[in-house]
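What follows is one structure encoded as structure tokens, with my remarks underneath.
Quick note: the coordinates plus some simple rules give every number you see, no bench work behind them. Computed from a predicted structure; not experimentally measured. In this analysis, Cβ positions are derived from the backbone assuming ideal geometry, glycine residues included, and neighbour counts consider all displayed protein chains.
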Amino acid sequence: MIARSFYKKLAPYRLADIVKLLDIEPAVCPYEYDDLLIYDVKSLEDANFSDISFLSNHKYINQFQSTKACCCIVPNDFSLECNDKIILLKVKNPYLAYAKLIDLFYTKAKSYPNKVMKSAYISDSATIGDNCYIGHNVVIEDNVVIGNNCIIESGTAIDYGVKLGNEVFIHSNVSISYSIVGNNVIILSGARIGQDGFGFATDKDIHKKIFHTGIVRIGNEVEIGSNTTIDRGSVSDTVIEDLCKIDNLVQIGHNVVIGKGTIIAAQSGISGSTKIGKYCIIGGQVGISGHIIIGDKAQVAAQSGVVKNIDQGVAVGGYPAIPIREWHKQSIIMKNLQIRERNDN
């Protein structure tokens, strides 16, 4: 159920217009659909006759069979026979189609006018682009440059010299320092970007803090989750390339480089000077040691510990992380040993 106080519904839409948006043709169309009005996007369980739903996982076949939706988005290889009460729209990626539909049907109820709240502090030397919203108690320090059409929510602090591109959306209570941020970036609440990394030189039991001279460079179309921390580089820069998506509570150490399009799930930690390639997938609660290289399109299973380099395109799991088929074999062997031990006793 959509909470109407937070979101504004833009429907209804003609089904013909939805089909045009998705650039498909109905796979099953038991009646004329051009002028059929669709009022909402709902789950299979919650949908009514005037709603559209989607099936992206065959685990929900039972819900599909009992849904009241008049229309359902399904995968191209969907072969289950359908009754005469539902229209099927076959697409390559149902979840992506769902994402497009949500954008069509809903927007946030809160608007962001071109406005600076009275409680915000903006340095006289800062440059603010056109059509920006600056929320309550925001602090923008000297020589900051903010692009056009940016939204900066309440309690955020943007430190000396930081540069933000266009269309940047920074949620509440974010701090950014020593950073250059690209266009169309989303930074969720509580993220900390550009602080000192964990760098010390030890001599005679004294830990000497290393002065960091690098920055954080964040590319275009990046999303950074709530309470994620990204340390600036100690000598070279910490780099998050275009199209990366980083979940909540991720720690990224100094001098780390994350390649284009990589996805990192929650509670993962990446130690300093590690380089992660393009379009990698890092599962939740993964720990990655420092000074290693992970190749393009590598995959790391959740809760794995990576302590050495991973070649391009290899999937790994376990601790220490090994090729995932070997890890599965080890798990089976351990399980069989436990069963044998119980039987012997």
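Here are the numbers for the structure shown:
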{"read-out": "Cα centre as origin, Lys/Arg/Asp/Glu Cβ charges: the stretch 174-325 dipole, Debye", "value": "200"}
{"read-out": "Cα-centre dipole for the chain with unit charges at Cβ (Lys and Arg positive, Asp and Glu negative), debye to 20", "value": "640"}
{"read-out": "Cα-based reach from Lys208 at 16 Å (exclusive), listing aspartates and glutamates while leaving out same-chain residues under 8 positions away", "value": "Asp196"}
{"read-out": "Charge dipole (debye, nearest 20) of the stretch 7-108; +1 at Cβ of Lys and Arg, -1 at Cβ of Asp and Glu", "value": "420"}
{"read-out": "Three principal axis lengths of the chain [C-alpha, angstrom, descending]", "value": "79, 74, 34"}
{"read-out": "Simple label model, 7 Å out from Cα along Cβ direction - Asn309 to Arg325, nm", "value": "2.3"}
{"read-out": "Mean separation of Cα contacts under 8 Å, 6 or more apart, over the residue count of the stretch 60-127: relative contact order %", "value": "24"}
{"read-out": "Computed helical MRE - 222 nm, the chain, DSSP H runs ≥ 4 contributing -39500 (n - 2.57), nearest 500", "value": "-4000 deg cm²/dmol"}
{"read-out": "Amide H within-cut-off set for Lys8, under 5 Å, with H built and near neighbours excluded", "value": "Thr107, Lys108, Ala109"}
{"read-out": "Point-to-point label distance, Tyr160-Met117, nm (Cα→Cβ direction, 7 Å offset)", "value": "2.6"}
{"read-out": "Ordering of 88-97, 322-331 by packing [mean C-beta count within 10 Å, highest first]", "value": "88-97, 322-331"}
{"read-out": "Amide proton proximity set for Asn309, modelled H, under 5 Å, gap of 5+", "value": "Ile293"}
{"read-out": "Formal net charge of residues neighbouring Lys260 (Cβ-Cβ distance under 10 Å; K, R +1; D, E -1)", "value": "-3"}
{"read-out": "Overall dimensions of the stretch 53-211 as given by Cα atoms, namely Rg and Dmax in Å", "value": "24.0, 80"}
{"read-out": "Note, ³J(HN,Hα) from phi for the stretch 291-305, Karplus 6.51, -1.76, 1.60, rounded to Hz, x at Gly and Pro", "value": "6, 10, 10, 10, x, 4, 6, 6, 10, 10, 5, 4, 6, 7, x"}
